[in-house]
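See structure below.
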Amino acid sequence: MDKKKIIIINGPNLNLLGKREPEIYGASGFEEYFLQLQKHNPDLVLEYYQSNIEGKLVNRIQETDGKYDGIILNAAAYTHTSVAIHDAIGAISVPVLEVHISNIYKREEFRHKSIISSKCIGMISGLGLKGYQLGLEYFKTMKRKK
Ligand code: DQA
């Protein structure tokens, strides 16, 4: 069988990982972590997209339809505000797993509400960058959509 194709989509400020509040988000940048993910998961085809712009994230989510087996989405601050991202997830048939590096429930109250969760298959929050690897493990075992 051909390899499952998964895209990781990161939202605003996640391009600054490694520099941004390292006590919360850790000391490694995402690009280098992504290379490790590719190395550790040769059984998957992995892609990565990051944008600070809400509409670009919506476009990328729409474009995945029919082309990927899963999306790992860290919508970052848009998690808490974006009806447009919520609607984009609802508009595609690709399953979306929500990931947060930090535990959003341990932080400021405005982070406790995720607008997108109701459209996602589940959420991993607070496990650091490992959350992405765990998300990939989930997609490996998930039954493929026809
Ligand atoms: C985040 C949590 C969000 O509240 C925050 O705005 C982010 C990152 C996380 O990965 O922990 O930018 O999604």
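The values are calculated or read from the model by the stated rules, or taken from the named source; none is laboratory data. Predicted model, so just to flag it, every value in this text is computed and none were measured. Cβ: placed from backbone, ideal geometry, glycine included. Neighbour counts: every protein chain shown. The area values use the complete protein model at the heavy-atom level, side chains included, leaving out ligands, DNA and RNA. Shrake-Rupley method; radii C 1.70, N 1.55, O 1.52, S 1.80 Å.
Quick rundown of the values:
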quantity	calculated
Lys5 open to solvent by 50 Å² or more (accessible area, probe 1.4 Å), touching a strand residue (DSSP E or B) at 6+ places or on another chain (Cβ under 8 Å) and within 30 Å of Arg144 (Cβ to Cβ)	yes
Every residue from the stretch 21-59 that is in contact with a helix residue (DSSP H, G or I) (Cβ under 8 Å, 6 or more places away or on another chain) and within 16 Å of the ligand (Cβ to nearest atom)	Phe30, Tyr33, Leu37, Tyr48, Tyr49, Gln50, Ser51, Asn52, Glu54, Leu57
Filtered residues of the stretch 48-57 (kept if aliphatic (A, V, I, L, M) and either under 12 Å from the mean Cα position of the chain (by Cα) or open to solvent by less than 20 Å² (accessible area, probe 1.4 Å) (or both))	Leu57
Subset tally (residues that are open to solvent by 50 Å² or more (accessible area, probe 1.4 Å), assigned to a helix (DSSP H, G or I), closer than 22 Å to Asn103 by Cβ and not hydrophobic (A, V, I, L, M, F, W, C)) for the stretch 15-42	3
Test: Val45 is in contact (Cβ under 8 Å) with a residue 12 or more places away in the chain, under 25 Å from Glu108 (Cα atoms), open to solvent by 30 Å² or more (accessible area, probe 1.4 Å) and of a type in the set (Val, Ile, Thr)	no
Every residue from the stretch 128-145 that is surrounded by 12 or more Cβ atoms within 10 Å (Cβ to Cβ) and in contact (Cβ under 8 Å) with a residue 24 or more places away in the chain	Gly128, Leu129, Gly131, Tyr132, Gln133, Gly135, Leu136, Tyr138, Phe139, Lys140, Met142
Any pair with Cβ under 8 angstrom, 6 or more apart, that starts in the stretch 1-19 at a residue that is modelled with pLDDT of 95 or more and ends at one that is assigned to a loop (DSSP other than H, G, I, E, B) and near the ligand (Cβ under 9 Å from one of its atoms)	Ile9/Ala75; Gly11/Ala75; Asn13/Arg20
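Listed here are the residues, each with its yes/no results for (1) touching a residue at least 12 places away in the same chain (Cβ under 8 Å); (2) assigned to a helix (DSSP H, G or I); (3) surrounded by 17 or more Cβ atoms within 10 Å (Cβ to Cβ).
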{"site": "Tyr68", "(1), (2), (3)": "yes, no, yes"}
{"site": "Leu73", "(1), (2), (3)": "yes, no, yes"}
{"site": "Thr79", "(1), (2), (3)": "yes, yes, yes"}
{"site": "Ala84", "(1), (2), (3)": "yes, yes, no"}
{"site": "Gly90", "(1), (2), (3)": "yes, yes, no"}
{"site": "Ser102", "(1), (2), (3)": "yes, no, yes"}
{"site": "Tyr105", "(1), (2), (3)": "yes, yes, no"}
{"site": "Ser114", "(1), (2), (3)": "yes, no, yes"}
{"site": "Ile124", "(1), (2), (3)": "yes, no, yes"}
